[in-house]
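Just so you know, all these numbers are worked out from the coordinates, no wet-lab data involved. No experiment lies behind these values; they were computed from the predicted model shown. Methodologically, a virtual Cβ is constructed for each residue, glycine included, from the backbone with ideal geometry; neighbour enumeration extends over all protein chains shown.
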Amino acid sequence: MSAKQLFVNAAQVVTCAGPARARRGAEMSDAGILFGAAVLAHGGEIMAVGPQDALRAAHEDAQTIDCDNGVLTPGFVDSHTHAIFGRARYEEQELRAAGVPYMEIARQGGGIHASVRDLRTRSEDALYALALPRLKALAASGITTVEVKSGYGLSLDDEIKSLRVVRRLAQVLPMRIVPTWLGAHEIPMDFRERPNGRREYLDLLINDMLPIVAREKLGRFADIFCEPGVFTVNESREILTSARDAGLGIKMHADELTAGGAAELAGELRATSADHLAAVSPEGISALASGGTVATLLPGTMMFLGKTAQAPARALIEAGVPVALATDFNPGTSPTTNFPLILTLGVSQLRLSVAEVITAGTVNGAAALALAGEVGQLAPGFSADLALWDVQDVRELPYWYGAGRCRGSWARGKPCHVHDLAVTLTT
Ligand code: NIG
Ligand code: FE
């Protein structure tokens, strides 16, 4: 039996405690900040959060972890990454800066296609070796639950290879890893060039890939890039309903650059999340609200693409849509593993309050992965997933932008990342 752990001497404990579901509207403004509190964990679960003196007296046998006047938060939930890729795509930055649009780079065979050509040349072991330090970097920025998508394989073997890498990472790392099948990230170039290629690729996705992904439980969710020039709304409906029938949850890359009815479809299908949404229409916002779909906003992507547009976060919150924030870590549009930087962009670009970006990165990120009953809160019964920060006030988290102030993170009570902690961990 593992030892009890007592996290003491935190300047603030940010609990995000409340009902085990997504936060909407004004609920997002309550991050649950406690002073003088300690957190007791045992067997990978939070047992109690309460006054430090009382918890210390009642649990003298616990191993103490000295937070040294830092801020303790739930471990962040990064509900949208594409961490399985080969080489970086830094050459596209300058092309965009010179005025070539993202979609034009893709039409010329760059973008996602470039990552697909590259990933197909690499073995499962090679991809694993590349992904492992990336996931450790995510943990070092306070993330304890991460969603990881396939989507740079786009063939049966290469998609399965990518998802096997995700499974191996989940077996080795303490952080919680949620796999998503994104075989519908693009129509591969070879299929685009054939007369009936689109239909053939849809059939490959539905009849060949999906049954294996479902049977081998290689994907918890199915995702699709539903955008003019990539998959249409009707194609997305067909793929996602097949995925739902096969037992997978539904996510969508929706209305990222153009309002094309993707959010409306997400609402209609009651998707777990619709992501991006920088171009979402008022009708799309209403559909998300009635579908109970989490809007996962990815402000790092629009910033990195050099766009001034950002998702209408305030309108989404006012319409009662739960908003989550994620990195979109990927080689093309968001090569960052820095979660606090996303919080900064949430405040400065999406104009959210600090409490709103914190709930967006914890409880609502958990809801975007259908994990709202397990992670995202420091409350009894939740997984002992915590992050400790070298700041004295939670408002400093988005303030010191670009900085690495995570001093430690734990998932299920096990250290994911330990940096400059004042105690020696004995696990
Ligand atoms: O979320 N928009 C689609 N997919 C990724 C980018 C993929 C890429 O450019 O490699 C995204 O931004
Ligand atoms: Fe993405």
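Listed by chain and number, the lysines whose alpha-carbon sits under 23 Å from that of LYS251, ignoring those within fewer than 8 places in the same chain, are LYS149, LYS161, LYS217. Once the Cβ-Cβ distance of LYS307 and ASN196 is raised to the sixth power relative to R0 = 41 Å, the FRET efficiency obtained is 0.75. On C-alpha positions alone, give me the angle between the axis of helix 282-291 and the longest principal axis of the chain, in degrees, nearest 10. Value to nearest ten degrees: 60. In sequence order, segment 344-351 has phi-based couplings of 4, 5, x, 7, 7, 9, 8, 6 Hz under the Karplus curve 6.51 cos²θ - 1.76 cosθ + 1.60, θ = phi - 60°, and Gly or Pro positions carry x.
Remark on ALA384: its backbone amide H falls under 5 Å from those of GLU45, ILE46, ARG412, GLY413, a criterion applied only to residues 5 or more positions apart or on other chains, H modelled at 1.01 Å from N. The residues packed around GLU264, meaning those with a beta-carbon under 14 Å from its beta-carbon, carry a net charge of -2 if Lys and Arg are +1 and Asp and Glu are -1. Applying 1/(1 + (r/R0)^6) with R0 = 35 Å to the Cβ-Cβ distance of GLU268 and ASP66 gives a FRET efficiency near 0.10. Would you mind pulling out the separation of the Cα centroids of segment 336-390 and segment 131-164, in Å? With segment 336-390 and segment 131-164 each reduced to a Cα centre, they are spaced 20 Å. DSSP beta bridges fully contained in the chain are about 45 percent antiparallel. The phi-based Karplus calculation (6.51 cos²θ - 1.76 cosθ + 1.60; θ = phi - 60°) puts the 3J(HN,Hα) values of segment 362-372 at 10, 4, 6, x, 4, 5, 5, 10, 6, 10, 5 Hz, whole numbers, x for Gly and Pro. Here the ratio of the Cα radius of gyration of segment 106-235 to 2.2 N^0.38 Å is 1.07. Count the net charge of all other residues whose Cβ sits under 14 Å from the Cβ of GLY365, scoring Lys and Arg as +1 and Asp and Glu as -1. Result for the neighbourhood of GLY365: -3. Seen from VAL71, the other residues with C-beta closer than 13 Å to its C-beta sum to a net charge of -1, counting Lys and Arg as +1 and Asp and Glu as -1. Across the chain, Cα pairs under 8 Å and at least six residues apart give a relative contact order of 23 percent.
Once backbone amide H atoms are built at 1.01 Å from N, HIS82 has LYS149, PHE329, ASN330 as its partners under 5 Å, excluding neighbours fewer than 5 places away on the same chain. Among ALA360, ALA106, ALA58, the residue with the largest mean-square fluctuation in a Gaussian network model of the chain, with springs joining Cα atoms closer than 10 Å, is ALA58. FRET efficiency for the ALA3 to GLU124 pair, using the beta carbon distance and R₀ = 41 Å, is estimated at 0.65. Among the lysines, which fall within straight-line cross-link reach of LYS4, defined as a Cα-Cα distance under 19 Å, with same-chain neighbours fewer than 8 residues apart omitted? Output for LYS4: LYS414. Solvent-free Debye calculation, one equal scatterer per alpha-carbon of segment 224-338: log10 I(q)/I(0) at 0.12, 0.15, 0.18 Å⁻¹ equals -0.37, -0.59, -0.84. Placing dummy labels 7 Å off each Cα toward the beta-carbon, the span from ASP157 to LYS217 is 2.8 nm.
Computed 3J(HN,Hα) for segment 168-177, one whole-Hz value per residue from the Karplus formula 6.51 cos²θ - 1.76 cosθ + 1.60 where θ = phi - 60°, is 5, 4, 5, 6, 9, 8, x, 5, 7, 10, glycine and proline marked x.
Annotation: amide H-H contacts under 5 Å for ILE143 (H modelled 1.01 Å from N, sequence separation of 5 or more, or interchain): PHE76.
With the convex hull of the Cα atoms taken as the outline of segment 77-367, the averaged projected area works out to 13.3 nm².
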